[in-house]
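**Q** Just passing along the structure, written as structure tokens.
The values are calculated or read from the model by the stated rules, or taken from the named source; none is laboratory data. These numbers were taken from a predicted model, which means no experiment stands behind them. Here the Cβ is made from the backbone with ideal geometry for all residues, glycine too, and neighbour counts use every protein chain on show.
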Amino acid sequence: MGRADSLAKLAWAYGIHLTRRRLTRQRSQLDDLLHTYRPDGIRALLPAERAKLPQLVGCINCGLCALAAGRMGKTRLPDLATSYMRLYARLGEASSDIEGGEPDFEAAASACPVGVPLADVAAIVRRLSAG
Amino acid sequence: MSAPSAHDVCVIGGGVTGAGIARDLSLRGLSVLLLEKGDWGAGTTGGSSWMIHGGPRYLEFDWNTTRLSTQDAGHIVTIARHLVYRVVFIIPVLPHDRNNIERMETAMEVYDRFQPLKRAHPHRRLTAEDARQAEPGLSPDVIGAVTMEEWGVDPHRLVYANVEDAVAHGARALNHTKVIDLIRDGGKVIGVRYRASDGSISEARARAVVNATGPWTTEISGMAGVPVRLRPAKGIHIVYPHRISNFSISAESIDGRDLLMVSHAGFTLLGTTDDDFYGDLDSVDVMEDEVDYLLQAFERVFPSIREYRPVRTTAAVRPTLYKWRRYEDELSREYEVIDHAAQGVEGFVTIAGGKLSMYRLMAEETSDAVCRKLGHQAKCMTATTPLPGNESDMEPPADLARRFGLPALAAIKLQSRHGSNAAKVLDDARGGRLVCRCEPITEAELAYAARSEQVRSLADAFRRVSLAAGPCAGSACVMRAAEVIGGELGWSASQRFDAVREFVRGSWLGRAPVLGQSAWAQEELAQGAMRGLGLNGTR
């Protein structure tokens, strides 16, 4: 009974939906979507960042880049790749952690055994923490 | 054996339901003993999808379940504000999907009627182009999408917050304590006999005993001689240690089931399977076939999925109510409160079935039944009384970070676990020194967990503060963590090594089914780091 009732109500809703679709003009809802969730930090990575994401999140936290190139602001480079890249929804509240000096990303990347492009990681973290 | 303790109610099972019942009854002024054979939330609760959801898929079966679930989700979001965050799904539609875009949007329009009950926004409809702009990882075959909002939660913290509040209101709560028998007097259950982690046996007398053991319900009810039949269903998840998509994404499996890739605060859960389970409930393994089943489904909508490195898997068994013939996926997540007096066993109540999203309501109805039996007149207060950490507003994380000398990101994570109690956790001479840098976790928080949150092993710390939950899976931190926890609990040097060995072996079991090419680099590092412990035989 519960299921038959549910399906009947869904069928009725489906009819109303189709009618409404025919009668109303459609417009893009993408901006609404992004605007709605901006306060929650749900922001889209850019297509170019998305394409590189498997490499960007590949850090295994071996620590070699920290030996090769030090810190970005107060943050060790392995932390940038393992910790800051994970929590990008709330990076705006942690911008003070990465303010300051620029490490030698080329040296860091060449020390990385799994090929994490650390300069790209830093660029994304900076972009997202800037809000 | 020491003299039995005496309580109004003994609750067996420290998952979210048992913890919720203990909290509810304690708030009503009853004396409660809560017993959990493993760690808080280590069973079905911890193996969930980490979501407080309204159950849109139940719209096809029973709208009332959706209404109740959404309503209770709203209560949980209110009382556990610091533990929840929005999870937004894109539901892509491909040609030949079971549901076309119009049917999907119809379902979301109906679901929108319930969404305000849990403070969620209505759905949006996206064209194929819009969907790929919002989520560039989507397949070019996607022909459109709708969105849907749910709430994410750390179920381990949710369980512990309930335990903590129960204790604050007079309950006694013991983890790693297994009930080995029910004490009976004729047809009445009058207490429990239990074994503590040190092997000692004790008894507790209670006016009522509640069986809230999830998939273990049948085992405990068997001790009382009353059969409760379940249809246990196994579900696994693959865990990625990062967000790998902007939004959460749903996908249809090869057999037409709805699967989810859930973007949580700092990781992604991909699942879940739903298969009848007949094996040992204490040893639920993940099979590589199950991993492939999930990846195959998501590859269709998110083609790059196999390029990402999973860090582990989870497996758990749902305590689904028994029904013959239906496919597992069609079984409702309904629950049932059973007073066994009707079967001639007084003083014994079982709560069976249900799901994480409705834990509070299940706890309320079970507590109502217990209070009726005991003639206790007190109303449920759990829908409005905030959980610990949500009693007041949190200070800005940057301020907390400055006060205690820790990174702002560590302050954010600390608050996501402890809410407005974060400063209390840091009130320790250790200050902001980090143990686990991936998460990140401070020494002070870990010591607090051992001292005040019943952490007795590294696996307990994984659940309580997410120790070793990040990309390195603990290779950089478990030794140091064992020092901190061992220091608090008085472990000897060999006990600290044993604790690390036990944790590494346990985490290997969850990691092995997802070791692909990219994961081996991590595995080599982890194995290398642990080689000094004589763990070469782990794999």
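**Q** Would you confirm, using the coordinates I've provided, whether A:SER110 is closer than 21 Å to B:THR442 by Cα and either part of a helix (DSSP H, G or I) or in contact with a helix residue (DSSP H, G or I) (Cβ under 8 Å, 6 or more places away or on another chain) (or both)? Break it down stepwise before answering.
**A** Working: closer than 21 Å to B:THR442 by Cα: no; either part of a helix (DSSP H, G or I) or in contact with a helix residue (DSSP H, G or I) (Cβ under 8 Å, 6 or more places away or on another chain) (or both): yes.
Judged against the criteria, A:SER110 is not a match.
**Q** Can I ask one more? Please find, within region B:40-68, the residue that is modelled with the highest pLDDT out of those that are more than 14 Å from chain A (Cβ to nearest Cβ) and within 18 Å of B:VAL110 (Cα to Cα). Steps first, please.
**A** Residues of region B:40-68 more than 14 Å from chain A (Cβ to nearest Cβ): B:40-54.
From what is left, the residues that are within 18 Å of B:VAL110 (Cα to Cα) are B:53-54.
Values: B:HIS53: 90, B:GLY54: 86.
Per the stated criteria, the residue is B:HIS53.
**Q** I want to confirm something. Restricting to region A:11-63 and keeping residues that are hydroxyl-bearing (Ser, Thr, Tyr) and either assigned to a helix (DSSP H, G or I) or facing another protein chain (nearest Cβ under 7 Å) (or both), which single residue is nearest to B:ILE249 (Cα to Cα)?
**A** Top of the filtered list is A:TYR37.
**Q** Oh, and also: Got a number for residues in region B:131-146 being facing chain A (nearest Cβ under 10 Å) and of a type in the set (S, T, N, Q)?
**A** Qualifying residue count, region B:131-146: 1.
**Q** A further question follows. Name every residue in region A:64-102 that is small (Gly, Ala, Ser), surrounded by fewer than 24 Cβ atoms within 10 Å (Cβ to Cβ) and facing another protein chain (nearest Cβ under 7 Å), in order of residue number.
**A** Answer for region A:64-102, where residues must be small (Gly, Ala, Ser), surrounded by fewer than 24 Cβ atoms within 10 Å (Cβ to Cβ) and facing another protein chain (nearest Cβ under 7 Å): A:ALA89, A:SER96.
**Q** For B:ALA73, work out the one condition from (1) within 11 Å of another protein chain (Cβ to nearest Cβ); (2) in contact with a His (Cβ under 9 Å, 6 or more places away or on another chain) it doesn't fulfil.
**A** So B:ALA73 meets the others, but not (1).
**Q** A further question on this structure: B:ALA3 fails exactly one of the following numbered conditions: (1) crowded, with 19+ Cβ neighbours inside 10 Å; (2) without any contact (Cβ under 8 Å) to a residue 24 or more places away in the chain; (3) not in a helix (DSSP H, G or I). What is the number of that condition?
**A** The number of the failed condition is (1).
Residue-wise test of (1) more than 30 Å from B:VAL465 (Cβ to Cβ); (2) part of a helix (DSSP H, G or I); (3) not basic (Lys, Arg).
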site	(1), (2), (3)
B:GLY74	no, yes, yes
B:TYR85	no, no, yes
B:PHE89	no, no, yes
B:HIS96	yes, no, yes
B:MET104	yes, yes, yes
B:VAL110	yes, yes, yes
B:ARG113	yes, yes, no
B:ALA120	no, no, yes
B:ARG132	yes, yes, no
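**Q** Further question on the same structure: Collect the residues in region B:365-422 that are buried (at least 21 other Cβ atoms within 10 Å of the Cβ), in contact with a Leu (Cβ under 7 Å, 6 or more places away or on another chain) and in a loop (DSSP other than H, G, I, E, B), keeping them in residue-number order.
**A** The answer is B:THR382, and nothing else.
**Q** Examine region B:433-456 for a residue that is of a type in the set (D, E, K, R) and more than 28 Å from B:VAL153 (Cβ to Cβ), and state whether such a residue exists.
**A** Yes, that holds for at least one residue.
**Q** Let me ask you something else. I want to confirm something. Restricting to region B:212-227 and keeping residues that are of a type in the set (A, V, I, L, M) and in a loop (DSSP other than H, G, I, E, B), which single residue is surrounded by the fewest Cβ atoms within 10 Å (Cβ to Cβ)? Working first, answer last.
**A** Of the residues in region B:212-227, the ones of a type in the set (A, V, I, L, M) are B:212, B:220, B:223-224, B:226.
Then drop every residue that is not in a loop (DSSP other than H, G, I, E, B), which leaves B:212, B:224, B:226.
On the way: B:ALA212: 31, B:ALA224: 22, B:VAL226: 18.
Among them, the one singled out is B:VAL226.
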